[in-house]
Structures are given as C-alpha cells and as structure tokens.
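The values are calculated or read from the model by the stated rules, or taken from the named source; none is laboratory data. Since the model is a prediction, treat every value here as computed from it, not as a measurement. Virtual Cβ from ideal backbone geometry, glycine too; neighbours counted across all protein chains shown. Only protein heavy atoms, including side chains, enter the accessible area calculation; ligands, DNA and RNA are left aside. Shrake-Rupley method; radii C 1.70, N 1.55, O 1.52, S 1.80 Å.
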Amino acid sequence: MFKKILIANRGEIAVRVIRACKEMGVQTVAVYSTADANALHVQLADEAYCIGGPRPQDSYLNEDAILTVAVASGATAIHPGYGFLSENAGFARRCRECGVVFVGPSPEVIERMGDKDAARRCAKEAGVPIVPGCDLLKSAEEAEREAERIGCPVLIKARAGGGGRGIRKVECAQDAGKAFTEAHAEAEAAFGDGECYMEKFVAPAHHVEVQVLADAHGNVVTLGERECSVQRRNQKLLEESPAPCLEGRDDIRERMYEAARNLARAVGYEGAGTIEYLYADDGNFYFMEMNTRLQVEHPVTEFVTDIDLVKWQLRVAAGVEFPYAQDEIMPAKRSHAIECRINAEGPAPDYRPSCGTIHSMHVPNGPWVRFDSSLYPGAVVPPYYDSMLGKLIVRAGTREEAIRKMRSALTELIIDGVDANTELQLDILSNSEFLSGIYHTNLMEHLYED
C-alpha cells in the first residue's frame, strides 16, 4: 500500500478519502485554494499546501501546482475524487510521467471513454445496446438531415460533455440546426471541444447505472445498480439502490450487469467505474456513457454491499487483487439505500445558489444514517464551487422503511447560515409518483404541477 497519498480535491469527497486513508494507515496530503484555507479537509490531512487563488483554474485545476506538491511532499499516488481532474486523461498521463500513481484507470481508457462518441462505438463493439443515433455531426445542415432520419425527438450531445452541458433536445427536425450550433458553442466554451453527436430521445425512461470494480489481475465484478432518475436540468438530486424500476425483473438486471462487465473488460478497465443506462418500461436498456471515476452517489452502493469503494480504489491502484467472486458479493435486494444531495440553494422555482458562513448545525444520527460533508460551525461556503453541501444516506430493510428513515433524517438535519434544499427533498419523498417506484427522469417536471 502507498505510504502517502495526495488528494487533489476539496469538500466532502476530500474528507471522505482522507478518512479512508486514516483507517488504512496511509498519510495524506491536502491541497487547497485561498478560499478553502480553513476547510475541514485542510485540518484533517497530515499535510496541507495552498496551491492558488479561489477560482478552480487557479487551484484545483492547476496541474503544475498539484504535481509539484505531490513530488515535493513524497506522495506516491494522487486520488482525484470526482469532478475537477478526475477524468482528465492529460493529467493522468502527467502523473505517470512524474512517477506518481493516478488512482483510477489508465489515461488511454479515460481518453477513450471520455469521448462519448467513441465510448458509444466501444459499447456497440462489446455487444452493449446503444441508443439509435449517428456519429459526430459536421454541420447544422447535417444535424437537420439526421434528425429527420432518426425521428424526433432527439438529443444533440457533446462528446466531451458532462454536468448537463452541451445537450439540446430537439422536437422538430427543422430546429436541429440551431440546437446543434448552440450545443457546439456551449461545449466549446465549457470543455474546449465542441464536437457533438445525436441520439434518439428515449422517453419515458429511467436512469439506471451499474457500479463496476476491476483490478489489474483480470477480475471484473458488478456491485449492484443505482436508480438516478430524480434529476433537475440533468443534475442528480436523489439516488437509490436497488433500482425500484427493476423490481421483479432480475433477468434484465443480470443482463445490465453482464453488459457492464463486458464493456469494462473490452476497454481494459481498472478501478471503480460506472456504466450508465437509459432503461425503458418495455424492458429495453441502452448505454449512455461510462464514468471513469468515483461517483458522487457511491455511498448508496457501499450501504447495500458492505464494500468500501474508496479503499478498494486505493488497493486496486496499488496492485492488490480483489478477493471476492461475483457470487460472493452481498445481493442488493437484502437492503435498500437512499441518498439525498443537500445543496446550498433557495426554494423553487429559482433554486438560487446560496453561500455564507455556517453558524450552527445539527446532523441526524442512528443506525445506518450517514452524512458525508465537510461542514462545521464556522465553515465558509464559498461561491466559487459546486453548491453541494453534503450527502445524506440511509439504509433499511425495505424501500418503504428507507423512505421513512430518510424523511426522519431530513427533518433532523439543520444547517444555519445558508439555504439548503431539505424541503425539496422532503417533497420528492412524499410525491406519489416517487413512492410508486415507477418514476422517470421527468419526475421533477411533475413535482409541483398542482
């Protein structure tokens, strides 16, 4: 195992990785921006170094500064968390050149699967079902022709996209040219790559993702699935496992698992990764993308499998062989877990981001209740980064009990100093469509219809 690891991130995920390292006897190095000088991850790490100003490009995206600290501090590995540099193939390659292990797949795999058009073709070659569509579009005129051929509605998607950016829904073929131009410009500005492709818009649909873990010894296992259909503007708000839409459909679940393992093997994947699918009520599922990093919602999987994904990321990166066969992994249906993302934002309909100083807070407790966060009284929530304050996760024997437990935990959670979306989460958990278990990615469009 590594003796010292640098965590190239901030907030709750940096705290999460530091805690896993402490349990494993691994020393930790934190990096921080001037805005995060008093952040919790800075206080918990064995060493901490300021790497730049508050803007991400000056600090958490500053590859030179991060690698300089890693080499100077004697860290032999870098854990990127999620976001920032976690799916940056160039950074992973630079780590390799500096003799520092990047905790994740190889830069070649990140590059291949980060190009969503190439990933789509990879999935097809591996026998994974893909959404009907076309390859990269060359012009607005071609976008209109392809939309006519595929049949609207369609989605124009950036190949380098993420976080809902570079996506446009097209209802009529004649609108495809304008949508392509907009998506291309947004993707160019956000990712430096404006290339886009087109897919049939599958609706109504569920967003179901399968967690995979692969080591350097050829072992590839799936660790259950998560339903992530509660979304607003393509951003997830609540995740649960197992997926209620697959209740009684174990044959489909197994096919999803097998397809995920096949794709991971086909690309030579190592580490923790996620295969994301669109699942239709007729039983068909389609590959969307592969996330080559730890997911925000990984605690849901940890709760239903009793496997610590962060520790296994580190072990796999250090060359340790995964000891469990697929049939030895605890089946997800023995328990149910739900995660609510607690964001610093105001109420509907604006959901305006909130920032400020935490004056006081109360965190819920009890068996199988977990709050992953970097908050404490006196902590500052700056305006420069993602609005997520933390993640509230619960586990129970059934979905119904897990929903009741989450409601109880949300009413206990008090964060004084910034606005938080706890009321929104309670509204979701009381919605009849959500309670039925057969909800789709358009749930949030229905939430406040009345």
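Using DSSP to call loops (not H, G, I, E or B), can you name the GluC sites (Glu not before Pro) in region 178-230 whose Cβ has at most 12 other Cβ atoms within 10 angstrom? All intermediate terms of the calculation are to be shown ahead of the outcome.
Numbers: sites: E182, E186, E188, E195, E199, E209, E225, E227; in loops: E195.
For GluC sites (Glu not before Pro) across region 178-230 that sit outside H, G, I, E and B with at most 12 neighbouring Cβ atoms in 10 Å, the list is empty.
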Note the listed values (1) 58, 49, 45; (2) 85, 52, 40; (3) 68, 45, 45, then indicate which one is Cα extents along the principal axes in Å calculated from this particular structure. (1)
Quick calc, region 134-182, dipole around Cα centre from Cβ unit charges on Lys, Arg (+) and Asp, Glu (-), nearest 20 debye, gives 260
For a quick check of understanding: with a 1.4 angstrom probe and all protein chains in place, what accessible area in square angstrom does D327 have, to the nearest ten? 140
Expressed in angstrom and rounded, the centroid-to-centroid distance over alpha carbons for region 35-76 and region 244-286 is 37
Whats the longest run of the chain with zero trypsin sites (Lys or Arg not before Pro) that are DSSP loop and have at most 14 other Cβ atoms within 10 Å? 250-450
So how far apart, in nm, are the two label points at R249 and H446 if each is 7 Å from Cα heading toward Cβ? 1.5
Beyond a 24 Å Cα-Cα separation, which of these cross-linked pairs lie in this structure: K157/K236; K3/K116; K3/K236; K4/K391; K169/K236; K3/K311? K3/K116; K3/K236; K4/K391
Is any residue of region 53-85 close enough, with backbone N under 20 Å, to a label point placed 7 angstrom from the Cα of D46 along the Cα-Cβ axis, and if so, which? 66-81
Once both label points are put 7 Å beyond Cα along the C-beta direction, the D281-T398 separation in nm becomes 2.4
To the nearest 20 debye, what is the magnitude of the charge dipole of the chain about its Cα centre, counting +1 on the Cβ of each Lys and Arg and -1 on the Cβ of each Asp and Glu? 920
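What 222 nm value per residue comes from the helices of the chain, counting each DSSP H run with n ≥ 4 as -39,500 (n - 2.57) and dividing by all residues, nearest 500 deg cm²/dmol? Mind showing how you got there, number by number?
Values: 15 runs with 151 residues, N = 450.
The per-residue figure over the chain is -10000 deg cm²/dmol.
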Using alpha carbon centroids, what distance separates region 109-144 and region 347-373, in Å? 38
Here the relative contact order (percent) of the chain, from C-alpha pairs under 8 Å and at least 6 apart, is 14
Under the rule rounded for a/c under 1.5, else prolate if a/b exceeds b/c, else oblate, using alpha carbon gyration tensor axes a ≥ b ≥ c, region 313-450 is classed as oblate
Between K178 and A203, how many nm apart are label points set 7 Å from Cα along the C-beta direction? 1.7
What accessible area per residue, rounded to a whole number of Å², is obtained for the chain using a probe radius of 1.4 Å? 40
In the chain the accessible area split gives carbon plus sulfur, as whole percent at 1.4 Å, a share of 47
How much accessible surface area, in Å² rounded to 10, belongs to the heavy atoms of C122 with a 1.4 Å probe? 10
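Only Cα pairs under 8 Å and at least 6 apart count here; give the relative contact order of region 1-157 as a rounded whole percent. Walk me through the intermediate numbers first.
On the way: 224 pairs, mean separation 27.8, N = 157.
Relative contact order of region 1-157: 18 percent.
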Evaluate the relative contact order of region 144-297 (contact order divided by residue number), counting alpha-carbon pairs under 8 angstrom at least 6 apart; express in whole percent. 19
